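Let me begin by presenting the structure, written as structure tokens, before commenting on it.
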Amino acid sequence: MDRVYNFSAGPSALPGPVLERAQAELLDWQGSGMSVMEVSHRGPNFMEYAERAEAMLRELLAVPDEYRALFLAGGATLQFASIPLNLSVPGSTADYVVTGNWGKKAASEAARYLNVNIAADSAASGYTTIPDLGTWSVSDEAAYLHYTPNETVFGVEFHGIPDVSDAPLVADMSSTLLTRPIDVSRYGVIYAGAQKNLGAAGITLLIVREDLIGRARRETPGVIDYKLMADANSMWNTPPTFCWYILGLVLEWLRAQGGLTAVAERNRGKASKLYAAIDASDFYDNVVDPACRSWVNVPFKLATSELDQAFLDEAEAARLTNLKGHRLAGGMRASLYNAMPESGVDALIDFMADFEARRA
Ligand code: PMP
């Protein structure tokens, strides 16, 4: 089958073996004579599968015992509201660090429920930098500090965990969770939508320290109340079973790749190859401060935007797809999540050199 190299920022490429396995099992999952979409989430087969997926996640990420993993619906965006509802009381304050549009959205959604203090904001740089940690103005009594370790649209990434506040650290890892090992113990809450590195859109992974569970405001809807969900092993209501199944297959695939240390090495290699090619060229440009360039979202511009459409058309013809940058950033963006093989990055670099030679 002729698959393309899909550089989409999300939903994005899934590993071939995951799709093949899902295809092979679609009509008859585990000898049940039914697809996984047709079985009860409370049946023994699914319950056992769900537990195994959680065990693999905990092993891959080395999740400490005092953290719960929740499998939720509603996308990362629902967490923008769930976090203040679960972690704060009315009238309290939370710190938000804004290094791109997703952090900005998280802050504006949270402002419905509490006082948002923007501790740092890199809008003035066009979201191409991370404000120096010494300049952040954190609140004394913040309920938590929220930040976005990787801003998917602008390709700005923290290459370290900010240590500026005693408040629980809350991280939107939608575009980087499972792309490398992380020290979970440094966080209060980590969350990520699945459609970049974890699987199919429709399930959101949340890793939360146990002492932060059980504080939800009285009016919090049950499906986003961390305690109700944790007590019910994320099955307080019907979970997105098919997405949970795909997530399990992705976790198995990650294990077969050698785990997150090996995966991180590959991801770092893919990104540095592409940045090196961009930096070596006078035709392509990435404007992000090199200290905070993303491993997984690489935005770049052509010397003239007049050639953008030709670039996209020719790339498409060369089976390199979804390279158009987000409308907020313009230009191009290559997303290099876990499922993008190195051969895809090589093909993109070759194509870029060829385009430059012919059109610059
Ligand atoms: N946060 C980040 C960093 C994202 O990249 C995205 C999606 N691109 C979101 C939040 C929103 O996720 P969802 O659409 O799953 O709500």
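The values are calculated or read from the model by the stated rules, or taken from the named source; none is laboratory data. From a predicted model like this one, the values you see are computed outputs, not experimental measurements. With ideal geometry, Cβ positions are generated from the backbone for all residues, glycine too; neighbour counts draw on all protein chains shown. The protein model used for the area step is the full one, side chains on, heavy atoms only, and it has no ligands, DNA or RNA in it. Shrake-Rupley method; radii C 1.70, N 1.55, O 1.52, S 1.80 Å.
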Select from segment 339-358 the residues that are surrounded by 16 or more Cβ atoms within 10 Å (Cβ to Cβ), in a helix (DSSP H, G or I) and among the hydrophobic types (A, V, I, L, M, F, W, C) and list them in ascending order.
Val345, Ala347, Leu348, Ile349, Phe351, Met352, Phe355
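Okay, residues lined up against (1) under 25 Å from the mean Cα position of the chain (by Cα); (2) more than 16 Å from the ligand (Cβ to nearest atom); (3) open to solvent by less than 70 Å² (accessible area, probe 1.4 Å):
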position	(1), (2), (3)
Glu20	yes, yes, no
Asp28	no, yes, no
Ser40	no, yes, yes
Glu54	yes, yes, yes
Glu59	yes, yes, no
Taking the stated definitions as given, is Ala50 crowded, with 16+ Cβ neighbours inside 10 Å and either under 30 Å from Asp289 (Cα atoms) or in contact (Cβ under 8 Å) with a residue 12 or more places away in the chain (or both)?
yes
If I filter segment 85-105 down to residues being in a helix (DSSP H, G or I) and within 13 Å of the ligand (Cβ to nearest atom), which single residue comes out as surrounded by the fewest Cβ atoms within 10 Å (Cβ to Cβ)?
Lys105
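Residues that are in contact with a Cys (Cβ under 7 Å, 6 or more places away or on another chain), open to solvent by 10 Å² or more (accessible area, probe 1.4 Å), more than 10 Å from the ligand (Cβ to nearest atom) and within 30 Å of Gly16 (Cβ to Cβ): does segment 170-180 have at least one? Quick ask: steps written out before the conclusion?
Going residue by residue through segment 170-180, those that are in contact with a Cys (Cβ under 7 Å, 6 or more places away or on another chain) are none.
No, that holds for no residue.
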What number goes with the only condition from (1) in the same structural domain as Glu48 (by TED's automatic domain parsing); (2) open to solvent by 60 Å² or more (accessible area, probe 1.4 Å); (3) in a helix (DSSP H, G or I); (4) in contact (Cβ under 8 Å) with a residue 60 or more places away in the chain that Asn233 does not pass?
(3)
Quick test of your reading of the structure: Asn117 fulfils all but one of (1) buried (at least 24 other Cβ atoms within 10 Å of the Cβ); (2) part of a strand (DSSP E or B). Name the failing condition by number.
(1)
Restricted to segment 312-338 and to residues being of a type in the set (A, V, I, L, M, F, W, C) and assigned to a helix (DSSP H, G or I), the residue surrounded by the most Cβ atoms within 10 Å (Cβ to Cβ) is Ala315
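Could you identify the single residue in Ser108, Ser82, Ser122, Ser35 that is away from the ligand (no atom under 16 Å from the Cβ) and either surrounded by fewer than 20 Cβ atoms within 10 Å (Cβ to Cβ) or not β-branched (Val, Ile, Thr) (or both)? If you could, list the steps in order and put the result at the bottom.
Numbers: Ser108 fails: away from the ligand (no atom under 16 Å from the Cβ); Ser82 fails: away from the ligand (no atom under 16 Å from the Cβ); Ser122 fails: away from the ligand (no atom under 16 Å from the Cβ).
Sole residue among the options that is away from the ligand (no atom under 16 Å from the Cβ) and either surrounded by fewer than 20 Cβ atoms within 10 Å (Cβ to Cβ) or not β-branched (Val, Ile, Thr) (or both): Ser35.
Quick one: in segment 144-169, which of the residues that are among the hydroxyl-bearing types (Ser, Thr, Tyr) and within 9 Å of the ligand (Cβ to nearest atom) is farthest from Ala94 (Cα to Cα)?
Filtering segment 144-169 down to residues among the hydroxyl-bearing types (Ser, Thr, Tyr) leaves 144, 147-148, 152, 165.
Next, only the ones that are within 9 Å of the ligand (Cβ to nearest atom) stay: 148, 152.
Values: Thr148: 14, Thr152: 23 Å.
So the residue we want is Thr152.
With the requirement that a residue be closer than 18 Å to Leu336 by Cβ and either within 27 Å of the chain's Cα centre (by Cα) or free of Cβ contacts under 8 Å to residues at least 12 places away in the same chain (or both), what does segment 317-326 give you? Working first, answer last.
Looking only at segment 317-326, we keep the residues that are closer than 18 Å to Leu336 by Cβ, and these are 318-326.
Of everything in segment 317-326, those that are closer than 18 Å to Leu336 by Cβ and either within 27 Å of the chain's Cα centre (by Cα) or free of Cβ contacts under 8 Å to residues at least 12 places away in the same chain (or both) turn out to be Arg319, Leu320, Thr321, Asn322, Leu323, Lys324, Gly325, His326.
Out of the strands (runs of 3 or more DSSP E) lying entirely within segment 135-228, which hold 1 or more residues that are within 15 Å of Trp102 (Cα to Cα)? Outline the logic, then answer.
Values: elements: 145-147, 169-172, 189-193, 204-209.
Result: 145-147, 169-172, 189-193.
Check Asp308, Asp285 and return the single one that is in contact with a helix residue (DSSP H, G or I) (Cβ under 9 Å, 6 or more places away or on another chain) and among the acidic types (Asp, Glu).
Numbers: Asp308 fails: in contact with a helix residue (DSSP H, G or I) (Cβ under 9 Å, 6 or more places away or on another chain).
Exactly one residue qualifies, and that residue is Asp285.
I need a count of the residues in segment 13-59 that are in a loop (DSSP other than H, G, I, E, B) and more than 16 Å from Leu251 (Cα to Cα).
12
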Which of the following residues is more than 28 Å from Ala124 (Cα to Cα) and in contact (Cβ under 8 Å) with a residue 40 or more places away in the chain: Arg333, Arg266, Arg293, Arg358?
Arg266
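Given the criteria within 18 Å of the chain's Cα centre (by Cα) and part of a helix (DSSP H, G or I), does Gly248 qualify? Steps first, please.
Numbers: within 18 Å of the chain's Cα centre (by Cα): yes; part of a helix (DSSP H, G or I): yes.
Yes.
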Out of curiosity, is Pro64 surrounded by fewer than 19 Cβ atoms within 10 Å (Cβ to Cβ), in the same structural domain as Asn197 (by TED's automatic domain parsing) and touching a residue at least 60 places away in the same chain (Cβ under 8 Å)?
yes
Counted residues in segment 185-208 being surrounded by fewer than 18 Cβ atoms within 10 Å (Cβ to Cβ) and touching a residue at least 40 places away in the same chain (Cβ under 8 Å) come to 2
